[in-house]
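To start, the structure under review is shown below, and the notes come after it.
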There are 2 protein chains.
Amino acid sequence: MAGIRDVAKLAGVSTATVTRALRDEASVTAATKAKVRAAALRLDYVPSAAARALSRGRSNLLGLFVPDITNPFYAQVAQGLEDRAAEARYHCVIASSHLNPERERHLLTSFQDGTLAGLAATTVGTDEGFTTALGATRGPLVLVDRRPRGIKAPLVRTDNRKVTRGAISQLFEMGHTRIAMISGPRDFDTACQRLSGFRLAYKAAGTALPDELIRHGHLGEAGGYKAMNELLELDPRPTAVFCFNNLVTVGALKAIREARLRIPTDISILAFDDMNLFPLVDPPISAIDQPAYEMGRAAADLLLRQLDGERGLGDVVLPATMIMRESLAPPSTR
Amino acid sequence: MAGIRDVAKLAGVSTATVTRALRDEASVTAATKAKVRAAALRLDYVPSAAARALSRGRSNLLGLFVPDITNPFYAQVAQGLEDRAAEARYHCVIASSHLNPERERHLLTSFQDGTLAGLAATTVGTDEGFTTALGATRGPLVLVDRRPRGIKAPLVRTDNRKVTRGAISQLFEMGHTRIAMISGPRDFDTACQRLSGFRLAYKAAGTALPDELIRHGHLGEAGGYKAMNELLELDPRPTAVFCFNNLVTVGALKAIREARLRIPTDISILAFDDMNLFPLVDPPISAIDQPAYEMGRAAADLLLRQLDGERGLGDVVLPATMIMRESLAPPSTR
DNA sequence: TTGTACGCGTTATCAA
DNA sequence: TTGATAACGCGTACAA
């Protein structure tokens, strides 16, 4: 493995000049650059990432913490982050915690060693030890989707409350009066916001909202499945259900199928987060679509700008949109 | 930021002892270790990743190259890789090329700088410049899913040919005689193997296979959509279609829906790679399921073993399984 | 068991 | 415009 000294020797210049030439700095003669480049090419020279990181005090790696890279929403965020990062010659380290707060904190502390120049995170942990660790991050931090209590950093999100309120209002307009929600953990601000929008729609419709129609704390397919089964026990059954996120929806759909109920005849379904197969499900599932890819790009952008020295960056709020499909219909009049 | 010198000073030992104590080496007194740990804790000291990588000549980062992290198959591979890597205190850098060979090669060369200790790759590029770049990788290399021509490295795969042959034979047993295949690029060995299994089943059934029933070179949703539309033009129409992978299947399904045909009444569908929503599609889609997560783990394992000095590792072949759902039925007799 | 001192390969500073 | 050289912070022979 050729080093910078070898190149310098072969090109007949100093190591400092090699660095400058290869970075195409203006202070180097075209002739010198040519010599250096030729030498580097001949020796297959590539500057060492470790040495550069050590010397500059910063790596060219951006971290992305997600609860589950297997969830298409986060995969799209990852792709967006990566694309934007690549434009600035940064690469991405992705850490997926399987919704496991323990694992998440462990991962977080293992990155306090300067491996990452910056971190974009969607976290599930909420205990204090965790937020401390998150706050102790070296380098800039950006939050994606939700902000854990007490963490101060720019957040990329959608307007959960507003879009939810609008969507649920549409259900009321269709004639539904008993709309349930499978919500996430109470300490997720996204869950709070979506729930808040949900309540606002109820209020606007002048309808009382019985507690039993809100199921808190559900996450993932398993959570959606369980919560939907509980809802189906209710008497009278809700005529429509709003699911906190995509995987929760999948679980809920499986429960409905097992109960041999028909959508939307027996029950209407609205998902938060779209999936590429939702149009093909029986029946096609209506969803509130978040611009996941763009959220990832925005997060990377925020990180890069901080790395460039910008301060005081604010939150980025992107629009979510309602996609109407056949899983929503007026309640059957029995 | 506290450095090793600060810790050494505070603990009243040398920097060498700090290193040894924090790595819990046997040659250090318990008392000394305690002192050092206390000092490190008090100063919030964390050894620098860059310095360690430089000094040891190797980072603790494993790379994963995939065509598209948004594809759940690769996301699961990534999760498996990451989980196994974490057990050995390695982290993962994920690079997704959007099926763009240009981008892929660019990414590859940008990692020749020792950022990665090892690389696991599923690639789409096939030109020579690319394979050269892949071969020039620093550190161990492992291939996932498919092997590009001329690359010598352990491969983690499933037995594409055998499982495909078995699955297609089942279709013949159901009574199908006109089974089409939407295949991938001819220079993907996975495409070749699945195609080979497909042909074997035809042979075993004693049925001639007209060229028109095989559509080469399709990838992604767009590819599946296009190919399916071509197949639907055929007269007579195939009574069953085997799709090269999950996303191709999604595209194909959308084409069928647009054509207002019914599955399996008008046409049967078999996918390669399962998806979590396939059971909920109208109708539930039969699929050949690859153990993506396990493939990722196996790849990481192969990488780690090479990093430990093991040589001459062979390919890993994992079992794929047929999942029968309602998209497969005997052809309607008209 | 612990300390000293050098090397790892760049980048940045300062002088020429 | 270019060169000499001092960091950067850790790992590790080698010495004690």
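General observations
- Dipole magnitude of region A:1-111, debye to nearest 20 (Cβ charges: Lys/Arg +1, Asp/Glu -1, about Cα centre): 720 debye
- Put a plus charge on the Cβ of each Lys and Arg, a minus charge on the Cβ of each Asp and Glu, and nothing anywhere else: the dipole of the protein assembly as shown about its Cα centre is then about 1840 debye.
- Summed over the residues of region A:198-259 and divided among them, the accessible surface reaches 41 Å² per residue at a probe radius of 1.4 Å.
- Think of the axis that spins chain B onto A; the B residue whose C-beta lies nearest it, and the distance in whole Å, is B:282, 1.
- Heavy-atom accessible surface of residue A:14, to the nearest 10 Å², is about 60 Å², with a 1.4 Å probe and all protein chains retained.
- Projecting label points 7 angstrom from Cα along Cα→Cβ for residue A:308 and residue A:235 puts them 6.4 nm apart.
- Equivalent ellipsoid of region B:63-176: semi-axes from √(5λ) of the C-alpha gyration tensor, largest first, are 29, 18, 13 Å.
- Inter-site label distance for residue A:89 and residue A:177 at 7 Å from Cα along Cβ, in nm: 6.6 nm
- For chain B, built as a Gaussian network whose Cα springs stay under 10 Å, the top-fluctuating residue of B:27, B:268, B:169: B:27
- Taking the alpha carbon gyration tensor of region A:1-138, multiplying each eigenvalue by 5 and rooting it gives semi-axes of 40, 16, 12 Å, largest first.
- Cβ-Cβ distance of residue B:315 and residue A:204, R₀ of 56 Å, FRET efficiency by 1/(1 + (r/R0)^6): the value works out to about 0.35.
- Amide proton proximity set for residue A:92, modelled H, under 5 Å, gap of 5+: A:62, B:94
- Using 0.36 nm per residue and subtracting the Cα-Cα separation, the extra length available between residue B:41 and residue B:159 on full extension is 37.4 nm.
- Chain B, Cα convex hull volume normalised per residue, Å³: 157 Å³
- Rounded to the nearest Hz, the phi-derived 3J(HN,Hα) couplings of region B:262-267 under the Karplus curve 6.51 cos²θ - 1.76 cosθ + 1.60 (θ = phi - 60°) are 10, 9, x, 3, 7, 7, where x marks glycine and proline.
- Computed helical MRE - 222 nm, chain B, DSSP H runs ≥ 4 contributing -39500 (n - 2.57), nearest 500: -13500 deg cm²/dmol
- Interchain or long-range residues, amide H under 5 Å from residue B:288's placed H: B:271, B:272, B:273, B:323
- In a DSSP loop and with at most 11 other Cβ atoms within 10 Å, the GluC sites (Glu not before Pro) in region A:1-91 are A:25.
- Point-to-point label distance, residue A:222-residue B:169, nm (Cα→Cβ direction, 7 Å offset): 3.8 nm
- The separation of region B:212-279 from region A:260-334, counted between C-alpha centres, amounts to 26 Å.
- For region A:94-243, convex hull volume per residue from C-alpha positions, Å³: 115 Å³
- Hz values of 3J(HN,Hα) by residue in region B:283-288 - Karplus curve (6.51, -1.76, 1.60), Gly and Pro given as x: x, x, 8, 6, 8, 9
- In terms of distances greater than 30 angstrom between alpha carbons, the cross-link table entries A:203/A:226; A:162/A:254; B:162/B:226; A:33/B:152; A:152/B:33; B:162/B:254 yield A:33/B:152; A:152/B:33.
- Over region A:1-51, all Cα pairs binned in 5 Å intervals from 0 give whole-percent P(r) values of 4, 25, 37, 23, 9, 2, listed from short to long.
- Accessible heavy-atom area order of A:324, B:1, highest first, probe of 1.4 Å: B:1, A:324
- Semi-axis lengths (Å, descending) of the ellipsoid that matches the C-alpha gyration tensor of region B:189-228: 22, 13, 7
- Each principal axis of the Cα atoms in the protein assembly as shown has its own extent, and those three values, largest first, are 81, 67, 53 angstrom.
- Sequence-separation-based contact order of chain A, relative, with Cα cut under 8 Å and 6+ spacing, percent: 17 percent
- Taken over the C-alpha atoms, region B:182-333 has Rg and Dmax values of 17.4, 61 angstrom.
- In this structure, the amide hydrogen of residue A:155, modeled 1.01 Å from its nitrogen in the peptide plane, lies closer than 5 angstrom to those of A:143, A:315, A:316, counting only residues at least 5 positions away or on a different chain.
- Carbon-plus-sulfur accessible fraction, chain B (probe radius 1.4 Å, protein heavy atoms only): 49%.
- Those lysines that a straight Cα-Cα span of less than 17 Å connects to residue B:35, excepting residues fewer than 8 apart in one chain: B:9
- Across the identical copies, the label point of residue A:318 (7 Å from Cα in the Cβ direction) is separated from its matches by 3.0 nm, in order from shortest.
- Charge dipole (region A:1-141, unit charges on Cβ, about Cα centre) - positive-most of A:79, A:65, A:46: A:46
- Efficiency of FRET between residue A:16 and residue A:187 - r from beta-carbon atoms, R0 60 angstrom, step 0.05: 0.70
- Accessible area buried, both sides summed, chains B and A with 1.4 Å probe, Å²: 4400 Å²
- Calculated FRET value between residue A:128 and residue B:282, using beta carbons and R₀ = 45 Å, to 0.05: 0.45
The values are calculated or read from the model by the stated rules, or taken from the named source; none is laboratory data. Note that the coordinates shown come from a computational prediction; the quantities given were computed from them, not determined experimentally. All Cβ positions, glycine included, derive from the backbone under ideal geometry; neighbour counts span all protein chains shown. Remember, those area values only see protein heavy atoms, side chains included, never the ligands or the DNA or RNA. Shrake-Rupley method; radii C 1.70, N 1.55, O 1.52, S 1.80 Å.
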